């Protein structure tokens, strides 16, 4: 099966107070840590407000500028799905989840089967990210609007079409505030 990775990097970072994706952990920008987890996949990075700054560190990546980034996350997801419209599925990653590893991504992908319209990583009962979405859902995704991700669509699926895979706590950890970053920078 052919899987494409969509890395969402178009947001404003209001709670962080600016462009959090260039903040570093171990001297590596958050966005590059996230991208490193999907280096083995075809991928696209969707940028928005901070596209100029991000382009400087995304020289080896395929990047799509989302001029509608103010409309919310759904506009970026739609661009990524359009880019991978001939793929069997897309893995949607948040650019601010630097602890996601290649092993975690491979574990999520390994659970992708024909009856799985979505593969969701969980940690101790809590759902996390990244989420793998089947092409069966592309039409519904293309109808999403506003600052909503695929959560609305997932809520409409039958239980047997959602596959969950137990992962480490990295699937729950993102950087929303400077305090979140400080916690991750500690040894």
| Does the stretch 110-127 contain at least one residue that is closer than 16 Å to residue 34 by Cβ and loosely packed, with under 13 Cβ neighbours inside 10 Å? | no
| said: So in the stretch 111-126, with the set limited to residues that are closer than 21 Å to residue 152 by Cβ and not in a loop (DSSP other than H, G, I, E, B), which one is farthest from the chain's Cα centre (by Cα)? | reply: 126
| Which condition number does residue 50 fail, the rest of (1) in contact with a helix residue (DSSP H, G or I) (Cβ under 9 Å, 6 or more places away or on another chain); (2) surrounded by fewer than 20 Cβ atoms within 10 Å (Cβ to Cβ) being met? | (2)
| note | The helices (runs of 4 or more DSSP H) lying entirely within the stretch 127-187 that contain at least 1 residues which are within 20 Å of residue 84 (Cβ to Cβ) and in contact with a helix residue (DSSP H, G or I) (Cβ under 9 Å, 6 or more places away or on another chain) are 138-142, 151-156
| So which residues in the stretch 12-41 are surrounded by 14 or more Cβ atoms within 10 Å (Cβ to Cβ) and under 21 Å from residue 82 (Cα atoms)? | 35, 38, 41
| query | Only one of (1) modelled with pLDDT under 95; (2) closer than 27 Å to residue 114 by Cβ is not met by residue 79, so which one is it? | reply | (1)
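The values are calculated or read from the model by the stated rules, or taken from the named source; none is laboratory data. From a predicted model like this one, the values you see are computed outputs, not experimental measurements. Every residue, glycine among them, receives a Cβ derived from its backbone with ideal geometry; neighbour counts consider all protein chains shown.
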